[in-house]
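**Q** This structure is in C-alpha coordinates; I'll ask about it shortly.
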Amino acid sequence: MDLHGGYVVPPYGDAHEHNFDSLQMTRKVSAQYLKDGIYYAQGMTDVTSGAAEVVKAGMVNTPATVDVTYAHGGLTGINGHPKDVYESIFYYPRTDMQRKLVIEGEKMEGEAYWQIDSAATLEAKWTKILAAKPDLIKIYLGETENFKAYTNDEPRLGGGLDPELVPLIVAKAHAAGLKVAAHIDTAHDFHVAVTGGVDEMGHLPGYGMSATEDAAKYRLSDQDIALAAKRGVKLQATAELASEYSPSAADLAARRALQTDNLKRLKAAGVVVLVGSDRYSQDSVAEADYLQGLQIWTNLEMLRMWSVQTPETVFPKRKLGELKEGYEASFLVLKENPLENWAAVHQIVDRWKLGQRLEVSPLAAVQAATGVGSQPVSLGGAVVSVFESAFF
Ligand SMILES: [Zn+2]
(Lines give C-alpha, C1' and ligand atoms only; values in the text may rest on other atoms or scores of the structure.)
Protein backbone atom coordinates (compact mmCIF):
# COMPACT_ATOMS: atom_id res chain seq x y z
CA MET A 1 0.00 0.00 0.00
CA ASP A 2 1.20 3.48 -0.79
CA LEU A 3 0.54 5.83 2.11
CA HIS A 4 2.23 8.69 0.29
CA GLY A 5 5.14 9.13 2.70
CA GLY A 6 2.86 9.89 5.64
CA TYR A 7 3.54 9.37 9.33
CA VAL A 8 1.53 6.68 11.07
CA VAL A 9 0.13 6.95 14.58
CA PRO A 10 -2.52 4.99 16.45
CA PRO A 11 -5.99 6.59 16.54
CA TYR A 12 -6.75 8.97 19.41
CA GLY A 13 -9.14 8.65 22.34
CA ASP A 14 -11.53 10.75 24.41
CA ALA A 15 -11.53 9.63 28.04
CA HIS A 16 -14.42 11.85 29.14
CA GLU A 17 -17.49 12.53 27.04
CA HIS A 18 -21.29 12.61 27.18
CA ASN A 19 -21.98 12.58 23.45
CA PHE A 20 -23.30 9.19 22.41
CA ASP A 21 -26.58 8.84 24.30
CA SER A 22 -29.05 10.21 21.80
CA LEU A 23 -29.55 9.55 18.10
CA GLN A 24 -29.50 13.26 17.40
CA MET A 25 -26.23 14.02 19.21
CA THR A 26 -24.54 10.86 17.92
CA ARG A 27 -25.44 11.86 14.38
CA LYS A 28 -24.07 15.32 15.05
CA VAL A 29 -20.67 14.35 16.53
CA SER A 30 -19.73 11.00 14.95
CA ALA A 31 -18.25 12.30 11.70
CA GLN A 32 -16.26 14.91 13.61
CA TYR A 33 -14.75 12.29 15.95
CA LEU A 34 -13.69 10.12 13.01
CA LYS A 35 -12.47 13.07 10.97
CA ASP A 36 -10.34 14.17 13.94
CA GLY A 37 -8.98 10.62 14.30
CA ILE A 38 -10.72 9.91 17.62
CA TYR A 39 -11.97 6.33 17.49
CA TYR A 40 -12.36 5.52 21.20
CA ALA A 41 -14.59 7.37 23.64
CA GLN A 42 -15.46 6.82 27.28
CA GLY A 43 -18.99 7.80 28.28
CA MET A 44 -18.75 9.28 31.75
CA THR A 45 -22.52 9.34 32.43
CA ASP A 46 -25.29 9.05 29.89
CA VAL A 47 -29.02 8.66 29.53
CA THR A 48 -29.26 4.87 29.64
CA SER A 49 -32.25 4.45 27.35
CA GLY A 50 -30.79 6.90 24.83
CA ALA A 51 -27.49 5.02 24.82
CA ALA A 52 -29.37 1.76 24.16
CA GLU A 53 -31.08 3.33 21.13
CA VAL A 54 -27.73 4.49 19.74
CA VAL A 55 -26.18 1.05 20.16
CA LYS A 56 -29.23 -0.67 18.67
CA ALA A 57 -29.13 1.61 15.63
CA GLY A 58 -25.53 0.54 14.99
CA MET A 59 -24.27 4.12 15.31
CA VAL A 60 -21.36 3.13 17.58
CA ASN A 61 -19.17 0.08 18.18
CA THR A 62 -19.02 -1.09 14.58
CA PRO A 63 -15.93 -1.17 12.31
CA ALA A 64 -16.97 2.09 10.64
CA THR A 65 -18.05 4.06 13.73
CA VAL A 66 -16.63 5.40 16.98
CA ASP A 67 -16.16 2.75 19.70
CA VAL A 68 -17.70 3.89 22.97
CA THR A 69 -18.17 2.67 26.52
CA TYR A 70 -20.93 3.78 28.86
CA ALA A 71 -21.04 4.46 32.58
CA HIS A 72 -24.82 4.99 32.32
CA GLY A 73 -26.37 6.58 35.45
CA GLY A 74 -23.83 8.11 37.82
CA LEU A 75 -24.01 7.50 41.57
CA THR A 76 -24.53 10.68 43.57
CA GLY A 77 -26.05 12.03 46.78
CA ILE A 78 -29.55 13.43 47.25
CA ASN A 79 -29.95 16.29 44.75
CA GLY A 80 -26.30 15.83 43.80
CA HIS A 81 -24.63 16.54 40.50
CA PRO A 82 -25.57 15.60 37.74
CA LYS A 83 -29.24 15.71 38.80
CA ASP A 84 -29.01 19.51 38.50
CA VAL A 85 -28.16 19.11 34.82
CA TYR A 86 -30.36 16.19 33.82
CA GLU A 87 -33.56 17.36 35.55
CA SER A 88 -33.19 20.85 34.17
CA ILE A 89 -35.14 21.98 31.16
CA PHE A 90 -33.08 25.18 31.28
CA TYR A 91 -29.33 25.10 30.79
CA TYR A 92 -28.56 25.33 34.49
CA PRO A 93 -31.05 26.12 37.30
CA ARG A 94 -30.38 29.65 38.54
CA THR A 95 -33.58 31.02 40.08
CA ASP A 96 -35.26 29.64 43.22
CA MET A 97 -38.18 28.43 41.14
CA GLN A 98 -35.88 26.59 38.72
CA ARG A 99 -33.98 25.03 41.60
CA LYS A 100 -37.25 23.92 43.21
CA LEU A 101 -38.41 22.24 40.00
CA VAL A 102 -35.12 20.42 39.64
CA ILE A 103 -35.09 19.28 43.27
CA GLU A 104 -38.63 17.93 42.90
CA GLY A 105 -37.77 16.25 39.58
CA GLU A 106 -37.12 12.51 39.49
CA LYS A 107 -37.57 11.75 35.81
CA MET A 108 -33.96 10.80 35.16
CA GLU A 109 -33.38 8.89 38.39
CA GLY A 110 -32.21 5.44 37.30
CA GLU A 111 -31.56 6.78 33.80
CA ALA A 112 -28.76 9.34 34.19
CA TYR A 113 -28.15 9.29 37.94
CA TRP A 114 -28.85 7.30 41.07
CA GLN A 115 -29.35 9.20 44.34
CA ILE A 116 -27.76 7.26 47.18
CA ASP A 117 -27.62 8.46 50.76
CA SER A 118 -26.86 5.28 52.71
CA ALA A 119 -25.50 1.76 52.50
CA ALA A 120 -29.09 0.49 52.56
CA THR A 121 -30.08 2.62 49.54
CA LEU A 122 -26.97 1.46 47.70
CA GLU A 123 -27.89 -2.15 48.41
CA ALA A 124 -31.46 -1.58 47.24
CA LYS A 125 -30.41 0.06 43.97
CA TRP A 126 -27.30 -1.96 43.16
CA THR A 127 -29.07 -4.78 41.28
CA LYS A 128 -30.74 -2.21 39.01
CA ILE A 129 -27.46 -0.35 38.51
CA LEU A 130 -25.79 -3.56 37.32
CA ALA A 131 -28.83 -4.56 35.26
CA ALA A 132 -28.17 -1.52 33.04
CA LYS A 133 -24.85 -3.22 32.11
CA PRO A 134 -22.50 -0.28 32.60
CA ASP A 135 -18.93 -0.56 31.32
CA LEU A 136 -17.70 1.34 34.38
CA ILE A 137 -19.17 2.93 37.49
CA LYS A 138 -19.14 6.73 37.71
CA ILE A 139 -19.46 8.32 41.12
CA TYR A 140 -19.86 11.99 41.96
CA LEU A 141 -17.94 13.74 44.72
CA GLY A 142 -18.26 17.48 45.24
CA GLU A 143 -16.65 19.46 48.06
CA THR A 144 -16.61 16.42 50.31
CA GLU A 145 -14.87 18.58 52.94
CA ASN A 146 -18.24 20.28 53.44
CA PHE A 147 -20.49 17.26 53.02
CA LYS A 148 -21.79 17.18 56.60
CA ALA A 149 -22.24 20.93 56.86
CA TYR A 150 -24.22 21.03 53.63
CA THR A 151 -26.55 18.14 54.33
CA ASN A 152 -27.57 19.69 57.64
CA ASP A 153 -28.91 22.68 55.67
CA GLU A 154 -31.43 22.80 52.87
CA PRO A 155 -31.19 20.09 50.18
CA ARG A 156 -28.09 21.06 48.26
CA LEU A 157 -28.18 20.97 44.48
CA GLY A 158 -25.05 19.94 42.66
CA GLY A 159 -23.21 18.20 45.50
CA GLY A 160 -22.20 14.56 45.59
CA LEU A 161 -21.99 11.34 47.55
CA ASP A 162 -21.38 10.89 51.23
CA PRO A 163 -17.59 10.26 51.23
CA GLU A 164 -18.08 7.38 53.68
CA LEU A 165 -19.90 5.41 50.96
CA VAL A 166 -16.97 5.48 48.52
CA PRO A 167 -15.06 2.38 49.74
CA LEU A 168 -18.32 0.45 49.83
CA ILE A 169 -19.24 1.37 46.24
CA VAL A 170 -15.70 0.60 45.04
CA ALA A 171 -15.77 -2.84 46.69
CA LYS A 172 -19.10 -3.69 45.05
CA ALA A 173 -18.00 -2.40 41.65
CA HIS A 174 -14.70 -4.27 41.75
CA ALA A 175 -16.51 -7.46 42.78
CA ALA A 176 -18.61 -7.02 39.64
CA GLY A 177 -15.46 -6.54 37.53
CA LEU A 178 -16.07 -2.81 36.97
CA LYS A 179 -13.65 0.07 37.44
CA VAL A 180 -14.77 3.22 39.26
CA ALA A 181 -14.23 6.75 37.96
CA ALA A 182 -14.97 9.74 40.17
CA HIS A 183 -16.11 13.25 39.40
CA ILE A 184 -14.07 15.43 41.76
CA ASP A 185 -14.08 19.18 42.39
CA THR A 186 -11.50 19.76 45.13
CA ALA A 187 -8.22 18.41 46.49
CA HIS A 188 -10.21 16.86 49.34
CA ASP A 189 -12.39 15.04 46.82
CA PHE A 190 -9.20 13.68 45.23
CA HIS A 191 -8.10 12.52 48.69
CA VAL A 192 -11.44 10.80 49.35
CA ALA A 193 -11.31 9.09 45.95
CA VAL A 194 -7.71 7.94 46.12
CA THR A 195 -7.99 6.61 49.68
CA GLY A 196 -11.40 5.10 48.88
CA GLY A 197 -10.01 2.89 46.11
CA VAL A 198 -11.24 4.77 43.02
CA ASP A 199 -9.46 3.79 39.77
CA GLU A 200 -9.77 6.96 37.72
CA MET A 201 -10.24 10.66 38.46
CA GLY A 202 -12.81 12.32 36.20
CA HIS A 203 -11.27 15.77 36.50
CA LEU A 204 -8.32 17.74 37.73
CA PRO A 205 -9.73 20.12 40.40
CA GLY A 206 -9.77 23.87 39.92
CA TYR A 207 -10.77 24.36 36.28
CA GLY A 208 -13.48 26.78 37.43
CA MET A 209 -11.40 28.55 40.09
CA SER A 210 -11.39 32.34 40.23
CA ALA A 211 -8.18 34.35 40.62
CA THR A 212 -9.36 35.66 44.02
CA GLU A 213 -9.89 32.17 45.46
CA ASP A 214 -7.34 30.36 47.61
CA ALA A 215 -5.76 27.80 45.29
CA ALA A 216 -4.99 25.54 48.28
CA LYS A 217 -8.53 24.15 47.99
CA TYR A 218 -7.55 22.65 44.62
CA ARG A 219 -3.86 21.88 45.11
CA LEU A 220 -3.34 18.12 45.39
CA SER A 221 -1.20 17.03 48.31
CA ASP A 222 2.09 15.28 47.57
CA GLN A 223 0.95 12.34 49.70
CA ASP A 224 -2.25 11.89 47.71
CA ILE A 225 -0.32 12.10 44.44
CA ALA A 226 2.15 9.49 45.71
CA LEU A 227 -0.72 7.22 46.71
CA ALA A 228 -2.38 7.67 43.30
CA ALA A 229 0.89 6.70 41.61
CA LYS A 230 1.34 3.69 43.87
CA ARG A 231 -2.20 2.47 43.24
CA GLY A 232 -2.03 3.07 39.47
CA VAL A 233 -4.85 5.62 39.57
CA LYS A 234 -5.22 7.52 36.28
CA LEU A 235 -6.47 11.06 35.87
CA GLN A 236 -8.63 12.64 33.19
CA ALA A 237 -7.35 16.20 33.21
CA THR A 238 -10.33 17.86 31.42
CA ALA A 239 -8.09 20.92 31.78
CA GLU A 240 -9.43 22.86 28.82
CA LEU A 241 -12.70 23.36 30.73
CA ALA A 242 -10.74 26.22 32.30
CA SER A 243 -11.35 28.27 29.17
CA GLU A 244 -15.11 27.61 29.01
CA TYR A 245 -17.50 30.60 29.32
CA SER A 246 -14.85 33.19 28.34
CA PRO A 247 -13.11 33.63 31.70
CA SER A 248 -11.19 36.80 32.52
CA ALA A 249 -7.48 36.79 31.73
CA ALA A 250 -6.73 36.77 35.47
CA ASP A 251 -8.98 33.76 36.16
CA LEU A 252 -7.57 31.82 33.23
CA ALA A 253 -4.00 32.57 34.28
CA ALA A 254 -4.72 31.42 37.85
CA ARG A 255 -6.31 28.21 36.59
CA ARG A 256 -3.41 27.46 34.25
CA ALA A 257 -0.86 28.07 37.00
CA LEU A 258 -2.74 25.73 39.34
CA GLN A 259 -3.15 23.07 36.64
CA THR A 260 0.52 23.28 35.71
CA ASP A 261 1.59 22.84 39.32
CA ASN A 262 -0.69 19.83 39.85
CA LEU A 263 0.08 18.21 36.49
CA LYS A 264 3.85 18.60 36.82
CA ARG A 265 3.77 16.83 40.18
CA LEU A 266 1.42 14.13 38.84
CA LYS A 267 3.75 13.57 35.90
CA ALA A 268 6.84 13.44 38.12
CA ALA A 269 5.14 10.81 40.30
CA GLY A 270 4.26 8.72 37.24
CA VAL A 271 0.47 9.15 37.31
CA VAL A 272 -1.01 8.51 33.86
CA VAL A 273 -2.87 11.57 32.55
CA LEU A 274 -5.67 10.85 30.08
CA VAL A 275 -7.05 13.10 27.36
CA GLY A 276 -10.76 13.71 27.75
CA SER A 277 -12.75 16.84 27.07
CA ASP A 278 -16.05 16.74 29.02
CA ARG A 279 -17.35 19.21 26.44
CA TYR A 280 -20.85 18.49 25.16
CA SER A 281 -20.99 18.02 21.39
CA GLN A 282 -17.21 18.26 21.03
CA ASP A 283 -14.43 15.72 20.88
CA SER A 284 -11.03 15.79 22.60
CA VAL A 285 -9.08 17.87 20.06
CA ALA A 286 -9.24 21.11 22.06
CA GLU A 287 -8.22 19.28 25.24
CA ALA A 288 -5.20 17.70 23.56
CA ASP A 289 -4.09 21.09 22.24
CA TYR A 290 -4.66 22.77 25.60
CA LEU A 291 -2.58 20.15 27.44
CA GLN A 292 0.17 20.42 24.84
CA GLY A 293 0.11 24.19 25.28
CA LEU A 294 0.89 23.84 28.99
CA GLN A 295 4.35 22.68 27.86
CA ILE A 296 4.60 19.94 30.46
CA TRP A 297 5.01 17.05 28.05
CA THR A 298 7.06 16.46 24.90
CA ASN A 299 5.17 15.83 21.68
CA LEU A 300 6.01 12.14 22.02
CA GLU A 301 4.62 12.03 25.56
CA MET A 302 1.49 13.88 24.43
CA LEU A 303 1.00 11.42 21.58
CA ARG A 304 1.39 8.48 23.95
CA MET A 305 -1.25 9.97 26.24
CA TRP A 306 -3.72 10.63 23.44
CA SER A 307 -3.17 7.66 21.13
CA VAL A 308 -1.98 4.89 23.45
CA GLN A 309 -2.79 5.42 27.12
CA THR A 310 -6.25 6.91 26.61
CA PRO A 311 -7.47 4.24 24.14
CA GLU A 312 -6.06 1.35 26.20
CA THR A 313 -7.72 2.78 29.31
CA VAL A 314 -11.10 2.94 27.58
CA PHE A 315 -10.74 -0.59 26.14
CA PRO A 316 -8.27 -2.43 28.39
CA LYS A 317 -9.04 -5.85 26.92
CA ARG A 318 -8.38 -4.88 23.30
CA LYS A 319 -5.03 -4.87 21.51
CA LEU A 320 -4.84 -1.17 20.75
CA GLY A 321 -2.26 1.54 20.40
CA GLU A 322 0.49 -0.52 18.85
CA LEU A 323 1.31 -1.31 15.28
CA LYS A 324 2.32 -4.92 15.33
CA GLU A 325 1.11 -8.35 14.38
CA GLY A 326 -1.93 -9.41 16.37
CA TYR A 327 -3.01 -5.86 17.13
CA GLU A 328 -6.03 -4.14 15.62
CA ALA A 329 -5.14 -2.70 12.21
CA SER A 330 -6.35 0.79 13.08
CA PHE A 331 -4.20 3.82 12.44
CA LEU A 332 -4.04 7.37 11.15
CA VAL A 333 -1.72 8.72 8.51
CA LEU A 334 -0.40 12.22 9.17
CA LYS A 335 1.00 14.46 6.51
CA GLU A 336 3.93 15.67 8.62
CA ASN A 337 6.01 14.49 11.54
CA PRO A 338 4.13 15.15 14.81
CA LEU A 339 7.32 14.89 16.84
CA GLU A 340 8.61 18.01 15.11
CA ASN A 341 5.36 19.91 14.82
CA TRP A 342 2.40 19.26 17.14
CA ALA A 343 -0.12 20.69 14.67
CA ALA A 344 0.66 17.70 12.45
CA VAL A 345 -1.55 15.53 14.70
CA HIS A 346 -4.54 17.27 13.11
CA GLN A 347 -3.34 17.00 9.51
CA ILE A 348 -4.78 13.55 8.96
CA VAL A 349 -4.65 12.39 5.37
CA ASP A 350 -5.88 8.82 5.84
CA ARG A 351 -7.81 6.89 8.47
CA TRP A 352 -7.99 3.10 8.89
CA LYS A 353 -10.07 1.17 11.36
CA LEU A 354 -9.92 -2.61 11.78
CA GLY A 355 -8.28 -3.00 8.41
CA GLN A 356 -10.74 -0.84 6.52
CA ARG A 357 -10.25 2.65 5.18
CA LEU A 358 -12.79 5.01 6.72
CA GLU A 359 -15.00 6.94 4.37
CA VAL A 360 -14.32 10.31 6.00
CA SER A 361 -10.76 9.88 4.76
CA PRO A 362 -9.72 12.11 1.83
CA LEU A 363 -8.04 9.04 0.36
CA ALA A 364 -11.31 7.11 0.36
CA ALA A 365 -11.70 8.27 -3.21
CA VAL A 366 -8.46 6.47 -4.08
CA GLN A 367 -9.81 3.28 -2.56
CA ALA A 368 -13.01 3.55 -4.56
CA ALA A 369 -10.97 3.86 -7.74
CA THR A 370 -8.40 1.12 -7.06
CA GLY A 371 -10.16 -1.32 -4.76
CA VAL A 372 -7.17 -1.15 -2.40
CA GLY A 373 -8.23 -1.64 1.16
CA SER A 374 -11.13 -3.98 0.54
CA GLN A 375 -9.27 -6.65 2.51
CA PRO A 376 -8.00 -6.28 6.10
CA VAL A 377 -4.35 -5.22 5.98
CA SER A 378 -1.60 -6.99 7.83
CA LEU A 379 0.73 -4.78 9.77
CA GLY A 380 3.67 -7.11 9.29
CA GLY A 381 7.06 -5.53 8.62
CA ALA A 382 6.84 -5.63 4.83
CA VAL A 383 3.75 -3.47 4.79
CA VAL A 384 4.89 -1.01 7.38
CA SER A 385 8.33 -0.58 5.90
CA VAL A 386 7.05 1.02 2.72
CA PHE A 387 6.41 4.34 4.43
CA GLU A 388 8.12 6.51 6.94
CA SER A 389 6.51 5.92 10.29
CA ALA A 390 6.36 7.34 13.74
CA PHE A 391 5.40 4.50 16.05
CA PHE A 392 4.35 5.07 19.62
ZN1 LIG B 1 -18.47 15.00 32.61
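Residues are listed down the side, and each one gets a yes or a no for (1) away from the ligand (no atom under 16 Å from the Cβ); (2) part of a loop (DSSP other than H, G, I, E, B); (3) surrounded by 20 or more Cβ atoms within 10 Å (Cβ to Cβ):
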site: Gly158; (1), (2), (3): no, yes, yes
site: Glu164; (1), (2), (3): yes, no, no
site: Ala171; (1), (2), (3): yes, no, no
site: Ala181; (1), (2), (3): no, no, yes
site: His191; (1), (2), (3): yes, no, yes
site: Val194; (1), (2), (3): yes, no, yes
site: Val198; (1), (2), (3): no, yes, yes
site: His203; (1), (2), (3): no, yes, yes
site: Ala211; (1), (2), (3): yes, yes, no
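**Q** State all residues of segment 109-121 that are hydrophobic (A, V, I, L, M, F, W, C) and either under 15 Å from Tyr140 (Cα atoms) or within 22 Å of the chain's Cα centre (by Cα) (or both); if no residue qualifies, say none.
**A** Correct list: Ala112, Trp114, Ile116.
**Q** Being of a type outside the set (S, T, N, Q) and farther than 16 Å from Met44 by Cβ narrows it down to one residue among Ala193, Ala181, Ala112, Ala175; which is it?
**A** Testing whether each residue is of a type outside the set (S, T, N, Q) and farther than 16 Å from Met44 by Cβ leaves just Ala175.
**Q** For segment 187-222, what are the residues that are under 23 Å from Ala171 (Cα atoms) and of a type in the set (S, T, N, Q)?
**A** Thr195
**Q** Right, next: Among the numbered criteria (1) at pLDDT below 95; (2) under 23 Å from Val9 (Cβ atoms); (3) not small (Gly, Ala, Ser), which one does Tyr280 miss?
**A** If we test Tyr280 against (1) at pLDDT below 95; (2) under 23 Å from Val9 (Cβ atoms); (3) not small (Gly, Ala, Ser), just (2) comes out false.
**Q** Let me ask you something else. Checking Val360 against (1) at pLDDT 95 or above; (2) buried (at least 16 other Cβ atoms within 10 Å of the Cβ); (3) among the β-branched types (Val, Ile, Thr), which single condition isn't satisfied?
**A** Of everything listed in (1) at pLDDT 95 or above; (2) buried (at least 16 other Cβ atoms within 10 Å of the Cβ); (3) among the β-branched types (Val, Ile, Thr), Val360 misses just condition (1).
**Q** Give just the number: which of (1) more than 16 Å from the ligand (Cβ to nearest atom); (2) in a helix (DSSP H, G or I) does Ile296 not satisfy?
**A** For Ile296, the failing item is (2).
**Q** If you go through segment 238-255 one residue at a time, do you hit one that is within 16 Å of the ligand (Cβ to nearest atom), on the phi > 0 side of the Ramachandran plot and not in a helix (DSSP H, G or I)?
**A** The answer is yes; a qualifying residue exists.
**Q** A further question follows. For segment 42-64, enumerate the residues that are among the hydrophobic types (A, V, I, L, M, F, W, C), assigned to a loop (DSSP other than H, G, I, E, B) and under 18 Å from the mean Cα position of the chain (by Cα).
**A** Met44, Val47, Val60
**Q** A further question follows. Of (1) under 30 Å from Pro338 (Cα atoms); (2) in contact (Cβ under 8 Å) with a residue 40 or more places away in the chain; (3) touching a helix residue (DSSP H, G or I) at 6+ places or on another chain (Cβ under 8 Å); (4) away from the ligand (no atom under 16 Å from the Cβ), Pro93 satisfies all except one. Which?
**A** (1)
**Q** Would you pick out the residues in segment 225-264 that are more than 20 Å from Val275 (Cα to Cα) and surrounded by 19 or more Cβ atoms within 10 Å (Cβ to Cβ)?
**A** Hits for segment 225-264 are Asp251, Ala254.
**Q** Tell me, yes or no, whether segment 108-118 has at least one residue that is surrounded by fewer than 21 Cβ atoms within 10 Å (Cβ to Cβ), in contact with an Asp or Glu (Cβ under 9 Å, 6 or more places away or on another chain) and of a type in the set (S, T, N, Q).
**A** yes
**Q** Turning to a different aspect of this structure: Out of all the residues in segment 303-320, which are over 15 Å from Val345 (Cβ atoms) and not polar (S, T, N, Q)?
**A** Result: Glu312, Val314, Phe315, Pro316, Lys317, Arg318, Lys319, Leu320.
**Q** Considering only segment 119-143, state which residues are assigned to a helix (DSSP H, G or I), within 18 Å of Thr48 (Cβ to Cβ) and hydroxyl-bearing (Ser, Thr, Tyr).
**A** Listed by number, the list holds a single entry, Thr127.
**Q** Show the residue pairs that are 6+ apart or on different chains and have beta-carbon atoms under 6 Å apart, the first residue being within segment 39-65 and away from the ligand (no atom under 16 Å from the Cβ), the second being modelled with pLDDT under 95.
**A** Pro63/Gln356
**Q** Could you please give the count of residues in segment 5-28 that are in contact with an Asp or Glu (Cβ under 8 Å, 6 or more places away or on another chain) and more than 15 Å from the ligand (Cβ to nearest atom)?
**A** Within segment 5-28, residues that are in contact with an Asp or Glu (Cβ under 8 Å, 6 or more places away or on another chain) and more than 15 Å from the ligand (Cβ to nearest atom) number 7.
**Q** Moving on. Give the residue that is nearest to the ligand (Cβ to nearest atom), with candidates limited to residues of segment 70-90 that are β-branched (Val, Ile, Thr) and surrounded by fewer than 20 Cβ atoms within 10 Å (Cβ to Cβ).
**A** Applying the filter and picking the extreme gives Val85.
**Q** Same structure, new question: With the requirement that a residue be surrounded by fewer than 24 Cβ atoms within 10 Å (Cβ to Cβ) and away from the ligand (no atom under 16 Å from the Cβ), what does segment 274-289 give you?
**A** Val285, Asp289
**Q** Considering only segment 7-41, state which residues are surrounded by 24 or more Cβ atoms within 10 Å (Cβ to Cβ) and either part of a helix (DSSP H, G or I) or at pLDDT below 95 (or both).
**A** Tyr33
The values are calculated or read from the model by the stated rules, or taken from the named source; none is laboratory data. Please read these numbers as outputs of a predicted model, since none were measured by experiment. Don't worry about glycine lacking a Cβ; one is built from the backbone with ideal geometry, like all the others, and counts go over all protein chains shown.
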